[in-house]
1. Check Thr111: other-chain or 5+ apart residues with amide H under 5 Å from its amide H, H built from backbone geometry?
2. Can you pull out the cysteines in the chain that have no other Cys Cβ under 4.7 Å?
3. Taking neighbour Cβ counts within 10 Å as the exposure measure, how do Leu12, Leu210, Leu19 sort from fewest upward?
4. Can you sort His65, His123 so the residue with the fewest Cβ neighbours within 10 Å comes first?
5. Taking H placed 1.01 Å from N in the peptide plane, check which residues at least 5 places from Cys122 or on another chain put their amide H under 5 Å from its amide H.
6. Where does helix 281-295 land angle-wise versus the long Cα axis of the chain, in degrees 0 to 90, nearest 10?
7. So, by mean Cβ neighbours within 10 angstrom, what's the order for 100-109, 274-283 with the highest one leading?
8. Within the chain, what's the longest stretch lacking GluC sites (Glu not before Pro) that sit in DSSP loops with no more than 12 other Cβ atoms inside 10 Å?
Amino acid sequence: MKVLLTGAGGFLGRYVLRLLQQLDIPVVALGRTRPNGLAQSSFVGADLLSGTDFSSLVGQAGASHLLHLAWVTEHGQYWTSPQNFRWVDASTRLVQAFCAAGGRHVVVAGTCAEYDWGKGYCHEDTTPLTPATVYGVAKDATRRLVTVLCVQHEVRCAWARIFFPFGAGEAPARLLPRLIETLQGRSAPFGVNADAYRDFLQAQDVAQGLVTLLRSDASGSYNISSAQPVQIGALVRTLAQLLGQDPRCVLEQAPQRAEPAVLAGDSLKLQALGWRQQFTLVQGLEKTLRDLSVSTQNPQAAFHGA
């Protein structure tokens, strides 16, 4: 196995790259910037949205497996960004080139935003795929296109619908970093929908799920989720307790917007492949805070996988 990895410098990509290295799985990163600590010989530089010739890049990598994570990720913007349409095109062309070059297995990162969020608990084979955002529609369209391409080339393809990952390295505007800043008095209080339930999963567990799909040559759609929805108010109180702070600065604020009451994924299909969640919510929060503390001295140490 040799893995061609896109998005290696992103939030989840850094965890995946470190895990592949720990498992001694050869990996080549494809993207604009070479990740820190990755040898030049294991990096192919390219802007995936530039209309580049993917055939030559795929040939240069010489990989048997493709793990495609790259996408527009700017927090608060990716839901409606026009770049979603460009990523549909780039992702499809990349998979086409990979299959044509003799690739054996494709894994692509999808999203829980593909589901009908009114259903609450999302199951891969029964919950309707009726995305309500440009981002969700673009991801679902990509799934349909790359699935057809892989069938035509007789290449196995797994689609990973990721729920709510958290961990060191998240964008500062995401929920957990904002909560940490607010609870520690470093930013203004904001409100949350405390009664809503969400499916949070530590980023290292997400990386394990993606690599499980790679190593098992899985095909079809898989949720990468804890399957254990947690009330957002409970998340705030737990995090405040770990930080030794008062959660009322958040919980007494009015919610910023209405949200679905429950949004969680069933992960039985992934578990059937051997994946197991390593971190409970409390353990995941403890790890995140520990990694954030370490990263103030060494930014890359946050992804050591301990």
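Laboratory data are not the source of any read-out in this text; all were calculated from the coordinates shown. Everything numeric in this text was worked out from a predicted model, so none of it was measured. Ideal geometry is used to build each Cβ from the backbone, glycine not excepted, and the neighbour counts take in all protein chains shown.
1. Excluding prolines and chain starts, which carry no amide H, the hits are Ile162.
2. Among the cysteines of the chain, those whose Cβ sits 4.7 Å or more from every other are Cys99, Cys112, Cys122, Cys249.
3. Leu19, Leu12, Leu210
4. Starting with the residue having the fewest Cβ neighbours, the order is His123, His65.
5. So Cys122 has HN proximity to Ala264, Gly265, Asp266.
6. Long axis of 281-295 versus the principal axis of the chain: about 80 degrees.
7. In decreasing order of mean packing, 100-109, 274-283 become 100-109, 274-283.
8. Longest stretch, sites excluded: 155-251.
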